[in-house]
Amino acid sequence: MCGIVGYIGPREAYPIIITGLKRQEYRGYDSTGVALINNEGLQVYKKKGKVSELENALLGKPLSAHIGIGHTRWATHGEPSDVNAHPHESNSGKLAIIHNGIIENYALIKQDLQKKGYTFKSETDTEVLVNFIEDIQKNTQCPLEEAVRMAMKRVAGAYVILLLDVDHPDTIIAARKGSPLVIGIGKGEHFLGSDATPMLEYTKEVVYVNDYEIAIIKADELVLKNLGNEKQTPYIISLDMELAAIEKGGFDHFMLKEINEQPSTIYDCLRGRLDAKAGTITMKGIEDNIHALTSAKRIIIIACGTSWHAGLEAEYIIEELCRIPVEVEYASEFRYRNPVINKDDVIIAISQSGETADTIVAIEKAKEHGAFIFGIVNVVGSSISRISNAGAYTHAGPEIGVASTKAFTAQLAVLMMIALKIGKEKGTLELKRYMELLNELENIPEKVQSILRNADALKPIASKYKNAINALYLGRGYNFPIALEGALKLKEISYIHAEGYPAAEMKHGPIALVDNQLPVIFVATHDEYHSKIVSNIQEIKARKGKVIAIITEGDAIIPSMADDVFFVPPANELVAPLLSVVPLQLLSYYIGVDKGCDVDKPRNLAKSVTVE
Ligand code: AGP
């Protein structure tokens with residue numbers, strides 16, 4: 001997810017663009033740039049780092065202009081760097097483009113352009129796109145908007161692009177498919193943004209461009225066309241949102257926004273990798289190292305916090321499907337003790353930020369012993385992604401809420417694909433079950449969406465238990481790591497003490513805690529342990545405990561026993577954790593909000609623990 005801004009009109013463009021970029025840094029902030037057209041021609045300035053760093057670097061530059069575009073990047077192709085930052089120029093130097101999205105077939109297009117003599121400075125799909133458009137224009141001698149239309153018909157993927165042409169300094173061309181684009185309508189001026197934040201103080205009259213539309217924007221004219229070159233009537237709406245609300249996509253908090261992004265972030269994580277129809281999982285990091293992974297005598301997973309919970313889930317799944325012994329280590333413990341690390345061990349390091357100090361040091365320690373490091377990271381180009389031998393990005397986009405939600409489910413999705421791929425390759429997973437699980441995984445985004453549609457059912461449960469002092473989260477098998485994750489969410493968001501436990505472990509001590517004040521949350525989706533978990537619920541009820549159960553639609557036993565239930569759609573037990581964690585995320589969010597906690601920035605916590 002990146003942030004894009006544009007302006008054309010009588011005002012100075014640069015101040016509008018740089019301010020708009022700062023407001024959209026929540027969308028991506030690893031590098032940034034602007035392109036302006038003035039008497040000096042096409043000016044392109046870009047660098048790695050935050051918008052404020054670019055702003056400082058541009059002091060004294062000839063920035064006066066009445067047309068310009070700007071971009072904050074969340075890297076997908078090519079790590080954060082000056083050269084990979086947007087805008088990108090065409091080989092002729094006449095065109096400058098910024099882009100939010102992914103061009104899935106860029107590699108083939110790039111090969112074709114290279115054969116024609118085009119050269120590329122960056123690793124990005126965006127630089128390929130701007131030269132693809134230039135090549136079409138050169139070969140057909142058509143207007144730029146026609147070249148854009150032809151290019152859009154031939155690229156696969158999601159995009160919003162803004163394009164400047166130094167030969168047409170009175171026009172910005174935009175195109176949209178799958179990523180957001182808002183055009184602010186001013187008097188003799190137009191504003192563009194990924195959301196409305198860059199234009200709020202200038203106009204509340206906006207047009208949300210639709211998929212497959214191209215916009216030809218002049219100071220005093222906006223023309224919308226579809227890919228068939230037919231004019232479309234712009235549908236103008238009046239915004240009533242304030243700046244803060246728009247950054248959160250209309251949600252009250254980033255955490256709630258990110259919980260609700262999960263259908264699309266899980267889809268983005270699977271996209272281009274999992275093809276259930278073809279029965280394939282494409283992951284270059286795995287394919288390039290498939291021998292090391294299938295012949296591993298042991299897999300050691302190192303991580304912290306929520307990422308550690310993803311690792312524990314992976315232990316259950318990898319051992320089940322791949323029959324490789326897995327150990328899950330807290331990075332902070334692993335780095336200080338004297339662990340046995342063999343050179344044919346495979347280390348999987350999991351980290352949303354890719355900057356967690358304990359995990360980085362643990363990786364370095366494992367590398368000293370010759371272990372192979374596979375990194376699963378959300379932030380492209382982060383430290384852990386660079387010190388790993390190979391890896392896979394989770395593509396969850398920037399996670400602003402300190403409590404990890406969408407990054408966790410994206411980690412699970414990646415780990416499930418890895419286990420499926422290795423299990424199939426090793427022959428420990430028979431084809432029928434492999435195909436079934438691919439289909440199950442592919443259907444997860446829609447099932448998460450159906451859970452979110454029912455989120456309000458959790459609000460009365462949250463207000464019923466918001467004054468609890470303690471809570472227990474219990475689960476068995478694949479649901480046990482989710483019980484741990486649910487407990488962590490409640491702790492860090494509402495400051496209520498919560499513990500996750502294997503449900504069967506209760507009788508070895510913790511059941512002494514149970515009284516009529518203690519809420520016990522069971523992660524009890526349907527699986528082979530269901531009858532056992534029913535007995536555990538009975539044990540709690542016999543001691544007057546309050547039972548909240550996350551169960552599968554159609555469960556005919558637990559609703560009559562529990563004080564409160566929340567249903568999730570049926571799914572294979574191996575992928576069901578992607579569903580059962582969502583109500584626990586929402587429950588902790590609603591309780592935290594009910595208690596007036598700062599759910600996006602909980603006390604004492606940092607989004608990335610880069611210190612020991
Ligand atoms: C999770 O909600 C917490 N914010 C925290 O436990 C986090 O998962 C942990 O600090 C690890 O961070 P990382 O994934 O960026 O390495």
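No lab work stands behind these numbers, since they all come straight from the coordinates. Predicted, not measured: the structure shown is a model, and the values here were computed from it. Quick reminder, even Gly has a Cβ in these numbers, built from the backbone with ideal geometry, and neighbours come from all protein chains shown.
Structure summary
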item: Hits among aspartates and glutamates - C-alpha to C-alpha of residue 138 under 19 Å, sequence gap 8 or more where chains match; result: 89, 112, 127, 146, 165, 167
item: Eligible lysines near residue 365 by straight Cα distance, threshold 16 Å, same-chain separation 8 or greater; result: 343
item: Highest-first arrangement of 273-279, 393-399, where packing means the average Cβ count within 10 Å; result: 393-399, 273-279
item: For the range 398-506, convex hull of alpha carbons as volume per residue, Å³; result: 139
item: Residue 301 long-range amide H proximity, modeled H, under 5 Å; result: 327, 328, 329, 348
item: Karplus-derived HN-Hα couplings along the range 43-54 (A = 6.51, B = -1.76, C = 1.60, θ = phi - 60°), whole Hz, x at Gly and Pro; result: 9, 10, 10, 7, 7, 5, x, 7, 4, 4, 5, 5
item: Amide proton proximity set for residue 547, modelled H, under 5 Å, gap of 5+; result: 520, 563, 564
item: Rel. contact order, % - alpha carbon contacts under 8 angstrom, at least six apart, the chain; result: 11
item: Contour excess over end-to-end distance, with Cα ends at residue 459 and residue 187 and 0.36 nm allotted per residue; result: 93.5 nm
item: Spatial separation of Cα centroids for the range 512-565 and the range 388-407, in angstrom; result: 32
item: Antiparallel content of DSSP bridges confined to the chain, in %, to 5; result: 60
item: Distance from the range 115-142 to the range 267-330 (C-alpha centre basis), Å; result: 37
item: Residue 372 long-range amide H proximity, modeled H, under 5 Å; result: 345, 347
item: For the range 445-495, convex hull volume per residue from C-alpha positions, Å³; result: 98
item: Anchor residue 432: aspartates and glutamates whose Cα lies under 20 Å away (excluding residues fewer than 8 positions away in-chain); result: 275, 319, 320, 440, 442, 527, 528, 573
item: Pair-distance profile P(r), taking every C-alpha pair of the range 266-348, with 5 angstrom steps and integer %; result: 3, 13, 18, 21, 23, 13, 5, 3, 1, 0
item: For the range 145-279, convex hull volume per residue from C-alpha positions, Å³; result: 135
item: Fraction of alpha-carbon pairs over 32 Å apart in the chain - percent; result: 51
item: Protection proxy ranking of 412-420, 378-386, 285-293 - average other beta-carbon atoms within 10 Å, highest first; result: 412-420, 378-386, 285-293
item: Helix-derived mean residue ellipticity, 222 nm - over the chain, DSSP H n ≥ 4, -39500 (n - 2.57), to 500; result: -10500 deg cm²/dmol
item: Solution diffusion estimate, µm²/s, Stokes-Einstein, the range 35-82, Kirkwood Rh from C-alpha pairs, 20 °C, viscosity 1.002 mPa s; result: 179
item: Length-normalised contact order of the range 426-513 in % [C-alpha pairs under 8 Å, at least 6 apart]; result: 22
item: Highest to lowest packing among 163-170, 80-87, scored as the average C-beta count within 10 Å; result: 80-87, 163-170
item: Neighbour-count order for 372, 522, fewest beta carbons within 10 angstrom listed first; result: 372, 522
item: Relative intensity, log₁₀ I(q)/I(0), of the range 43-162 from a Debye sum that treats every alpha carbon as a point, q = 0.17, 0.23 Å⁻¹; result: -0.87, -1.44
